[in-house]
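Here the structure is laid out as structure tokens; the discussion comes afterwards.
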Amino acid sequence: LEQLMELAGLSVAQSIYKEYNPINYPNATIICGPGNNGGDGLVAARHLKLFGYEKINVIYPFKGKNPFYNKLITQLKMFNIEVNDKLNNEILNNSNLIIDSMFGFSFYPPLRDPFDSILSTIIKSKNENNDKKIIAVDIPSGWDVDDGPIKDSITENYMPDMLISLTAPKPCSLKISSITNHHLGGRFISKNIADKWGFEVPNYKGVDQCIKLN
């Protein structure tokens, strides 16, 4: 699991770098949930710092039970990456990129406190400043993994600027907008595993850990 999370987080960071470079988008905030999707975000934060992003903030309301998450937080502190439990307006206003790493494919709606209010704040900030870019890791948090946005919920109007699918695109990825950048990170799956579960492994270029799908 630790190896998989490290590689997944690296592919997330590399995807972001390819689409939104640190020269034009120097400041990023990563919202991490308590599970493996949040762990991917913790790893991605460290790699983004190494890739040259000026300011990285991590919002981590509830720490996961796996002791490995504490080690990831220790690493972040070594790189002077701030880890806070609340998202405040100052952090949000200064962020060019908002990375949604709250919940992945194992999530079952609805979103609960405080993540529902965090997502509302993110959507409002995006509506007020369209230059901000929202990036979702694996699936947009709060979406149904098969059906996508849920009617009459906060997610009904939630559409990220970029989706980074991990291992393979989930069915809900068919619901993303035609202008949403879609990347796949998954250069850690053997052909045998892919064949067993019936999905394709794309031809990644060179040493890339990700590939753009659209």
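The values are calculated or read from the model by the stated rules, or taken from the named source; none is laboratory data. Because the structure is predicted, anything quoted here is derived from the model rather than measured. Don't worry about glycine lacking a Cβ; one is built from the backbone with ideal geometry, like all the others, and counts go over all protein chains shown. Each accessible area value is taken on the protein alone, full model and side chains, heavy atoms only, with ligands, DNA and RNA left out. Shrake-Rupley method; radii C 1.70, N 1.55, O 1.52, S 1.80 Å.
Scalar couplings 3J(HN,Hα) for the stretch 149-163, obtained by applying the Karplus form with A = 6.51, B = -1.76, C = 1.60 to θ = phi - 60°, are x, 9, 4, 6, 10, 4, 7, 4, 10, 9, 9, x, 6, 8, 10 Hz; x denotes Gly and Pro. ASP131 sits with roughly 120 Å² accessible to a 1.4 Å probe, with DNA, RNA and ligands left out of the calculation.
Surface composition of the chain: carbon plus sulfur atoms hold 50% of the accessible area, using a 1.4 angstrom probe and ignoring ligands, DNA and RNA.
What the phi angles of the stretch 82-92 give under the Karplus curve with 6.51, -1.76 and 1.60, with θ = phi - 60°, is a coupling list of 6, 10, 10, 9, 9, 9, 9, 5, 5, 4, 5 Hz, glycine and proline written as x. Any idea how many Lys pairs in the stretch 1-138 come in under 16 angstrom at the alpha carbon, given 8 or more places apart or on separate chains? Counting lysine pairs in the stretch 1-138 gives 11. Whole angstrom only: what separates the Cα centroid of the stretch 120-181 from the Cα centroid of the stretch 28-78? What the calculation gives is 20 Å, centre to centre. Express in % the proportion of alpha carbon pairs of the stretch 1-57 at distances exceeding 13 Å. Percent of Cα pairs beyond 13 Å in the stretch 1-57: 54.
In the chain, helices alone account for a calculated mean residue ellipticity at 222 nm of -10500 deg cm²/dmol, with every DSSP H run of four or more residues adding -39,500 (n - 2.57). Of the residues PHE103, PHE115, PHE51, the one with the largest accessible area comes first in the ranking PHE51, PHE103, PHE115, computed with a 1.4 Å probe on protein heavy atoms.
If a/c stays under 1.5 just call it rounded; otherwise compare a/b with b/c (prolate if a/b is bigger, oblate if not). Do that for the stretch 49-115, with a ≥ b ≥ c from the square roots of the Cα gyration tensor eigenvalues. Note, shape of the stretch 49-115 comes out oblate. Relative to the Cα centre, the charge distribution of the chain, modelled as +1 at Lys and Arg Cβ and -1 at Asp and Glu Cβ, gives a dipole magnitude of about 480 debye.
Taking all protein chains together, VAL137, VAL83 sort by accessible area into VAL83, VAL137, largest first [probe 1.4 Å].
Mean separation of Cα pairs under 8 Å and 6+ residues apart, divided by the residue count of the chain: what relative contact order is that in percent? Intermediate values should be presented prior to the final figure.
Working: 407 pairs, mean separation 40.0, N = 214.
Worked out over the chain, it gives 19 percent.
Amide H to amide H, with H built 1.01 Å from N, HIS182 comes under 5 Å of LEU163, LEU213, ASN214, counting only residues 5 or more places away or on other chains. Normalised per residue, the accessible area of the chain is 50 Å², obtained with a 1.4 Å probe and no contribution from ligands, DNA or RNA.
Could you tell me whether the chain comes out rounded, prolate or oblate from its Cα gyration tensor? Rule is a ≥ b ≥ c as square roots of the eigenvalues, rounded for a/c under 1.5, then prolate if a/b exceeds b/c, otherwise oblate. Please report the intermediate quantities before stating the final value.
Working: a/c = 1.33, a/b = 1.12, b/c = 1.18.
Note, shape of the chain comes out rounded.
Largest first, how would VAL145, VAL201 line up by accessible area (1.4 Å probe)?
My answer, sorted largest first, is VAL201, VAL145.
State the answer as a single residue: which of GLY52, ILE30, SER15 lies farthest towards the positive end of the charge dipole of the stretch 1-65, with beta carbon charges of +1 for Lys and Arg and -1 for Asp and Glu, about the Cα centre. The residue sitting farthest along the positive end of the dipole is ILE30.
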